[in-house]
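Enquirer: Can you keep this structure in mind? I'll have questions shortly.
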Amino acid sequence: MGVAPTGIAWAAPAADAVLYWAPPETPAALRVRVKSAAEAHGAAFVDRSSPAPKPADPTRIAAAVTAYDELRFDEALALLDQAAGELDRTGAAGLDVARLAELFLYRGLARIQLGQPARAWDDLLIAARIDPSRVLDPARFPPRAIEQLERARAEVAAAPRGALRVTAPAGCVISIDGAISGDGRAELPHGAHWVDAACPEHLPWGRRIVVDRTAVEVAVAATMIAPPGDDDALIQARTLGAASVIEVTVLGGAARVRHSRSDGRELARALVTIDGDAVTATIDRMLSPPPPPREKWYRSRWVWATGGALAAAAILVPVALRDTSDGDRVIRPTGLPPW
Amino acid sequence: MALAACGPDDVIVAPVVDGPAPGSDAAAFPDLDEVVITLAREGSASDLLSASFSRGETIELRGAPEGDALVVHLTGRLNGGDVAYGRTCAFALDSEEPPPTPHLWFARTVKWGDLDASPAAARRGGRAIAYRDGSALFLGGDDASNLPVTALERFDPATGTLTTVEDVFSRRNATLAAIGDGRVIVLGGVDSLSGMASSRLEVIEIDGGGTARVDPSDHAGLARADATAVTLSDGRVVVFGGGPVGGAPLAEPVEIAGDGATVAVRELRATMAVPRRGATATRLSDDLGAPVLIAGGLDGAGAPVAQAELWRPLREDFADPFTFAPAMRVPRARHTAVRMPDGSVLVVGGVDTTGLPVRAMELFTVDGGFADAGLLPPGAGVVDASVTTLPDGRVLISGGRETIGGDPVAGAYIINLDPLDGSVDAVTTDRLTMARAGHAAARMCDGTVVLLGGTPLASPVERYEPPPLGRR
């Protein structure tokens with residue numbers, strides 16, 4: 001995809017700021033490239049993107065399992081408390097059934113080891129509710145833990161069940177307790193469960209749901225992802241005190257690059273692909289200062305400036321060459337064994 | 001560590017990674033999947049630079065900025081979990097100066113590892129204290145021939161070396177404290193030649209090159225065996241209790257304060273309600289004028305004291321014993337007290353009025369006095385253990401003896417306040433590589449704990465790698 005001709009870019013003044021907006025799924029590298037392009041020209045970079053909600057972090061649960069296996073029960077419990085604290089916000093997005101059940105199973109096991117039997121029991125009940133098939137290996141776990149989980153599984157099996165129905169806009173992928181549900185329906189034991197929905201062009205949505213009757217219905221109300229309007233860009237430009245700004249707005253795999261003055265007058269516009277260097281090339285072009293008017297060479301201040309610069313360089317370059325600090329500073333540990 | 005150029009202008013800053021011997025349980029390598037290296041400002045939650053590297057890749061960070069108080073963090077990952085960690089102490093990057101050479105102890109977390117270092121002597125009953133530059137100083141204790149060790153040793157985490165930096169006065173059971181400018185003072189104890197309480201005050205100062213200077217002076221008011229000292233939040237040190245060998249404990253405290261290149265010693269006019277020796281003194285917060293809790297110890301008749309006292313630095317007086325006289329549930333001596341993150345004081349170990357070990361812990365709060373805080377786990381040292389506060393506020397108890405005169409133990413335990421209900425939890429952590437009692441341990445600027453001594457013969461120095469929490 002090429003860069004759309006603008007015709008007036010060479011005559012436009014350099015912008016003071018680059019305003020960037022992209023949906024959460026946009027590669028982070030694009031933001032880095034745009035920021036570098038802006039800063040290379042001395043323009044401010046302002047990221048107006050909404051931060052993407054963080055999904056649950058399964059590595060935290062894995063680290064907790066490792067801590068439990070190494071008898072660091074308090075550390076395991078702290079990690080699992082953090083992981084559980086995220087669930088009500090994320091609806092367990094990012095976790096599959098096994099990981100979600102493991103969170104509560106290991107938290108219960110850690111609490112057994114730390115002498116908190118009542119709270120351990122609550123966790124084991126949740127673990128059995130999420131994954132009733134989970135059993136413990138007698139070679140790895142103490143008999144007390146195995147017996148407690150079996151009791152929890154039996155209690156969950158005997159508990160009443162309710163029908164959960166999740167309604168969502170077309171195209172949404174719904175997960176219930178970490179398992180993808182094609183129709184958003186599930187028969188679940190009474191108690192707490194977690195639902196999340198991933199809908200195109202919407203922020204992730206997740207909730208903790210309590211199934212406490214025969215039928216429970218939940219409607220997904222995900223927030224739509226939309227770029228700021230043109231007025232927002234003008235307000236931002238005036239707030240910054242910018243004479244003109246460049247807006248980079250990513251939508252549907254393409255970027256709209258728009259150069260406008262703070263009074264709203266558009267100076268240049270391009271629609272380019274976000275792949276490759278098309279966005280940065282467009283920004284470079286829009287940010288480049290206008291070419292100088294033709295004049296007699298000896299009247300050109302650039303000639304005199306260049307001559308001055310060469311003279312200064314003849315003095316300063318030898319000095320600068322003695323200063324090794326101009327290079328990149330690299331941190332490279334030594335003493336590491338081969339790995 | 002070396003300065004080398006990989007490009008015409010590149011400056012290579014090469015932190016030296018130290019670690020336990022290969023094959024040790026604490027060794028980070030070789031089975032890591034990934035190593036994450038991070039450059040950050042000390043204490044800052046955000047990174048300046050960070051990158052992760054898989055097996056076989058060259059570990060490096062490009063574009064490091066100039067600045068002070070920079071630290072490098074190294075995290076080892078296995079199966080998605082963080083299993084190893086290490087960080088440097090703070091260093092500066094300045095284009096006008098040669099690149100620094102910080103060392104970094106990289107080991108499995110919550111593991112003890114042996115250092116490649118030879119201590120000067122066995123050092124049973126020695127003392128340790130953290131110096132202002134983040135290194136650890138060790139002094140005192142007896143050698144393998146039961147003679148006092150006079151060598152002052154320093155372990156510097158920035159260079160990864162243990163060196164004898166100076167000799168100190170020959171005495172046993174001295175009291176140590178740091179004054180506000182970071183210098184360390186040594187006072188009291190028993191003169192090993194005369195057998196009397198020592199009046200010698202030594203001020204230890206270490207310069208940027210690691211050279212130590214010890215300035216001695218004598219003060220009759222400091223001739224106290226079994227005294228305790230605490231650093232106030234304004235940097236003054238107050239010495240409580242202790243007294244002549246075989247005599248009654250002294251009731252009047254003494255203040256020691258930095259006075260330019262020297263120190264000023266001042267006897268205070270206050271009087272303890274119960275003069276005692278072998279008490280603990282714990283400052284209750286870091287606020288200016290924060291009071292100090294004096295707990296336990298032996299009274300003039302040699303009995304453990306139940307009544308605690310409160311020193312109020314701004315008034316230079318003890319709280320009125322008619323309004324402040326909380327009593328420990330188990331009167332005890334030879335115990336340890338440590339301030340917890342919520343401002344409470346945990347009292348651990350010691351012996352009771354019958355000389356039996358006390359396994360019950362107590363938690364002191366200003367509003368609630370002393371309360372039961374559970375029992376030390378079986379196998380934990382009750383006397384002669386080392387008690388060290390970790391960077392995350394938890395407390396590490398290592399080695400010691402379960403009974404007076406019993407065998408040393410190797411068990412180590414972590415004690416922390418349960419964040420949910422405030423109760424005290426004690427859990428097992430990695431055992432020392434050998435049983436020790438009367439050893440000395442100190443936490444250093446990189447958050448690791450270095451421990452030495454406590455064995456009949458000179459033994460390896462051990463280093464504990466706490467979790468990364470609180471070590472930014």
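The values are calculated or read from the model by the stated rules, or taken from the named source; none is laboratory data. Here the structure is a predicted model, which means the values were calculated and not measured. With ideal geometry, Cβ positions are generated from the backbone for all residues, glycine too; neighbour counts draw on all protein chains shown.
Enquirer: Could you list, in sequence order, the residues of region A:17-73 that are away from chain B (no Cβ under 14 Å), in contact with a Gly (Cβ under 9 Å, 6 or more places away or on another chain) and without any contact (Cβ under 8 Å) to a residue 40 or more places away in the chain?
Expert: Passing the criteria: only A:LYS54.
Enquirer: Would you call B:ARG62 over 16 Å from B:PHE106 (Cβ atoms) and more than 11 Å from chain A (Cβ to nearest Cβ)? Spell out how you get there, then give the answer.
Expert: On the way: over 16 Å from B:PHE106 (Cβ atoms): yes; more than 11 Å from chain A (Cβ to nearest Cβ): no.
So B:ARG62 does not fit the description; no.
Enquirer: Which of the strands (runs of 3 or more DSSP E) contained wholly in region B:411-455 include at least 1 residues that are within 14 Å of another protein chain (Cβ to nearest Cβ) and more than 13 Å from the chain's Cα centre (by Cα)? Before the answer, list the steps.
Expert: Numbers: elements: B:412-417, B:424-429, B:440-443, B:449-452.
Ranges flagged: B:412-417, B:424-429.
Enquirer: Then there is this: Within region A:59-78, can you find the residues that are assigned to a helix (DSSP H, G or I) and within 21 Å of B:GLY393 (Cβ to Cβ)? Please lay out each step first, then the result.
Expert: Filtering region A:59-78 down to residues assigned to a helix (DSSP H, G or I) leaves A:59-69, A:73-78.
Hits for region A:59-78 are A:ARG60, A:ALA63, A:ALA64, A:ALA67, A:PHE73, A:ASP74, A:GLU75, A:ALA76, A:LEU77, A:ALA78.
Enquirer: Mind listing just one residue for me: the one in region A:101-139 that is free of Cβ contacts under 8 Å to residues at least 12 places away in the same chain and part of a loop (DSSP other than H, G, I, E, B) and, of those, surrounded by the most Cβ atoms within 10 Å (Cβ to Cβ)?
Expert: A:GLN116
Enquirer: Return a yes/no flag: does region B:79-90 have any residue that is over 26 Å from B:ARG443 (Cα atoms), within 9 Å of another protein chain (Cβ to nearest Cβ) and surrounded by fewer than 16 Cβ atoms within 10 Å (Cβ to Cβ). Give the steps one after another, and end with the answer.
Expert: Taking region B:79-90 first, the residues over 26 Å from B:ARG443 (Cα atoms) are B:79-80.
Restricting the remaining residues to those that are within 9 Å of another protein chain (Cβ to nearest Cβ) gives B:79-80.
Subset that is surrounded by fewer than 16 Cβ atoms within 10 Å (Cβ to Cβ): B:79.
Yes, region B:79-90 has at least one match.
Enquirer: Okay, next question. Looking at region B:392-407, can you tell me whether even one residue there is closer than 21 Å to B:PRO20 by Cα, within 18 Å of the chain's Cα centre (by Cα) and either assigned by TED's automatic domain parsing to the domain that holds B:GLY350 or not in a strand (DSSP E or B) (or both)?
Expert: Yes, region B:392-407 has at least one match.
Enquirer: A further question on this structure: Are there any strands (runs of 3 or more DSSP E) wholly within region A:143-200 with 1 or more residues that are under 16 Å from A:ALA215 (Cβ atoms) and more than 35 Å from the chain's Cα centre (by Cα), and if so which?
Expert: On the way: elements: A:161-167, A:173-176, A:179-181, A:185-189, A:191-198.
Of the strands (runs of 3 or more DSSP E) lying wholly inside region A:143-200, those with at least 1 residues that are under 16 Å from A:ALA215 (Cβ atoms) and more than 35 Å from the chain's Cα centre (by Cα) span A:161-167.
Enquirer: All but one of (1) surrounded by 14 or more Cβ atoms within 10 Å (Cβ to Cβ); (2) in the same structural domain as B:LEU310 (by TED's automatic domain parsing) hold for B:ASP372; state the number of the condition that does not hold.
Expert: Among (1) surrounded by 14 or more Cβ atoms within 10 Å (Cβ to Cβ); (2) in the same structural domain as B:LEU310 (by TED's automatic domain parsing), B:ASP372 violates only (1).
Enquirer: Can you say whether B:THR38 is surrounded by fewer than 16 Cβ atoms within 10 Å (Cβ to Cβ) and either over 20 Å from B:LEU469 (Cβ atoms) or out of contact with any helix residue (DSSP H, G or I) (no Cβ under 7 Å at 6 or more places or on another chain) (or both), as far as the supplied structure shows?
Expert: Details: surrounded by fewer than 16 Cβ atoms within 10 Å (Cβ to Cβ): no; either over 20 Å from B:LEU469 (Cβ atoms) or out of contact with any helix residue (DSSP H, G or I) (no Cβ under 7 Å at 6 or more places or on another chain) (or both): yes.
Answer is no for this residue.
Enquirer: On to the next question. State whether one or more residues within region B:170-185 are surrounded by fewer than 23 Cβ atoms within 10 Å (Cβ to Cβ), touching a Pro at 6+ places or on another chain (Cβ under 8 Å) and at pLDDT 95 or above.
Expert: Checked against the condition, which is being surrounded by fewer than 23 Cβ atoms within 10 Å (Cβ to Cβ), touching a Pro at 6+ places or on another chain (Cβ under 8 Å) and at pLDDT 95 or above, region B:170-185 yields at least one hit.
For every residue, the table says whether it meets (1) basic (Lys, Arg); (2) at the interface with another protein chain (Cβ under 9 Å from one of its Cβ atoms); (3) touching a helix residue (DSSP H, G or I) at 6+ places or on another chain (Cβ under 8 Å); (4) touching a residue at least 40 places away in the same chain (Cβ under 8 Å).
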{"position": "B:SER52", "(1), (2), (3), (4)": "no, no, no, no"}
{"position": "B:GLU96", "(1), (2), (3), (4)": "no, yes, yes, no"}
{"position": "B:LEU104", "(1), (2), (3), (4)": "no, yes, no, yes"}
{"position": "B:SER118", "(1), (2), (3), (4)": "no, no, no, yes"}
{"position": "B:GLY125", "(1), (2), (3), (4)": "no, no, no, yes"}
